[in-house]
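Below is one structure; the comments refer to it alone.
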2 protein chains.
Amino acid sequence: MTASPFIIVFALYDRVTQLDFTGPHEVFWRLPGAQCVVASANGGDIQADSGLTITHVQRLADIPHADLLCVPGGFGVIEAIEDADFMREVRRLAGGARYVTSVCNGSVVLGAAGLLRGKRAACHWAWRDLPPPFGAIADEDRVVQDGYLITGGGVTAGIDMALSVMADIAGVAHAQSVQLGIEYAPAPPFDCGRPERAPPPILQAVTTRLDRLRPDRHAAVQRVAEKL
Amino acid sequence: MTASPFIIVFALYDRVTQLDFTGPHEVFWRLPGAQCVVASANGGDIQADSGLTITHVQRLADIPHADLLCVPGGFGVIEAIEDADFMREVRRLAGGARYVTSVCNGSVVLGAAGLLRGKRAACHWAWRDLPPPFGAIADEDRVVQDGYLITGGGVTAGIDMALSVMADIAGVAHAQSVQLGIEYAPAPPFDCGRPERAPPPILQAVTTRLDRLRPDRHAAVQRVAEKL
């Protein structure tokens, strides 16, 4: 690690899903010599889709450089990809980063920034059809690495993604010590975290609910993809 | 579910570990009819031990009632158990709650509030010696239920705890649909999340670092336990 800090930027927007970035944030702030920055187009406060509000959020335009960029997903992702200020800063910071990462449908932002052409990328299982219009190759893995791009699946996949990236940056031993520190030996009460494992009625209910969002999301992706 | 919302209160304090409560928060806000409230002794902003700052935090004293109380852990837990205002409100809200929960060393707060006498409780693996001076029976399980008390192990155990409690409140099918929604099919890159699984040098390094905090934590627990 050099004397200058390793800058990790979380690019936030309103109605972000907070666990998409709070999971990786809890891992990454334990990287020696790193500085974690939360930022958005306008700075100030960011309200997550759950209502939780983060403050002291910096302006993306004020951040000269990111070594690692992390774009979380959220119900607000569709507004985010049509926000020219947000997208310009994501593109700029990604351009200078050693690692560009996303969690959940945050990969839609990377796609809309033109970063996923011909690249394999993960996404929340219900939204794996959204990155391909940007040239991405949908990948069902929980954590997908394609060069400097590391994308995670839905919400909780961010913790697995961050530990993988941590191992790459700081070595396996350090990533393991962080995993032990946050007691990450998950024991889900049910085996229901992926569509192929969920009981059909559960999958049906969740899909039906999310399908209501699908027309608007597809339309926004189409509009942005046409302009790329 | 009745017409009045099911009130879920997260009792925060400075230098809380944010993933201890952001994990359960991401689960619990998906409970139909629930209202999630983040609160602290003074309200306003709460800065986590990672530097992430939460705003619009309510004052615990302004909250008449909690159906579910969740106390996260953090590096600031020792200051928290000696904060008379914080502890009085935790005790009051726990007194009327249907579920009293904690994550990580948040169980030290429950102990200091006098709630764990003769009760089994989880804690972060490195701090399982802290609840027993308050009469608790240390339990190595990741999620421990003893009556209305449900306590989780370190940091990430909060997600497992919350899904278990969700199943109890709203039924297994709803908990499963939330698990699917947040794609909680964890795949840690290493098997290193508990002390008995970690390579000995990793365990040694983490223990050595945490042991520096041990004398102060034991002294504070002793002071508070004597006054109980």
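Quick note: the coordinates plus some simple rules give every number you see, no bench work behind them. The structure presented is a predicted model; accordingly, all values stated were derived computationally and were not measured. Here the Cβ positions follow ideal geometry from the backbone for every residue, glycine too, while neighbour counts run over all protein chains shown.
The table below gives the values:
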| quantity | calculated |
| --- | --- |
| Subset of the range A:36-57 that is of a type outside the set (A, V, I, L, M, F, W, C) and farther than 17 Å from residue B:46 by Cα - its residue that is nearest to the other protein chains (Cβ to nearest Cβ) | A:50 |
| Residues being surrounded by fewer than 19 Cβ atoms within 10 Å (Cβ to Cβ) and farther than 12 Å from residue A:220 by Cβ - total across the range A:68-89 | 4 |
| Hits in the range B:41-57 (condition: of a type outside the set (S, T, N, Q), part of a loop (DSSP other than H, G, I, E, B) and over 18 Å from the mean Cα position of the chain (by Cα)) | B:43, B:51 |
| Test for residue B:22: is it under 16 Å from the mean Cα position of the chain (by Cα) and without any contact (Cβ under 8 Å) to a residue 40 or more places away in the chain | yes |
| Selection within the range B:107-150 - within 14 Å of chain A (Cβ to nearest Cβ), assigned to a strand (DSSP E or B) and farther than 21 Å from residue B:89 by Cα | B:143, B:144, B:145 |
| Complete set of residues in the range A:7-22 that are touching a Cys at 6+ places or on another chain (Cβ under 8 Å) and either more than 13 Å from residue A:104 (Cα to Cα) or assigned to a strand (DSSP E or B) (or both) | A:8, A:9, A:10, A:11 |
| Tally of residues being more than 17 Å from residue B:60 (Cα to Cα) and within 11 Å of chain A (Cβ to nearest Cβ) across the range B:5-24 | 7 |
| Answer residue from the range B:58-89, given it is part of a helix (DSSP H, G or I) and over 27 Å from residue A:182 (Cβ atoms) and is farthest from the other protein chains (Cβ to nearest Cβ) among those | B:84 |
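Condition check ((1) more than 7 Å from chain A (Cβ to nearest Cβ); (2) out of contact with any Cys (no Cβ under 7 Å at 6 or more places or on another chain); (3) in a loop (DSSP other than H, G, I, E, B)) across all residues:
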site	(1), (2), (3)
B:154	no, no, yes
B:160	no, yes, no
B:168	yes, yes, no
B:177	no, yes, no
B:184	no, yes, yes
B:187	no, yes, yes
B:194	no, yes, yes
B:207	yes, yes, no
B:218	yes, yes, no
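This table checks each residue for (1) crowded, with 20+ Cβ neighbours inside 10 Å; (2) closer than 30 Å to residue A:172 by Cα.
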residue: A:13; (1), (2): yes, no
residue: A:23; (1), (2): yes, yes
residue: A:26; (1), (2): yes, yes
residue: A:32; (1), (2): no, yes
residue: A:41; (1), (2): yes, no
residue: A:51; (1), (2): no, no
residue: A:54; (1), (2): yes, no
residue: A:62; (1), (2): no, no
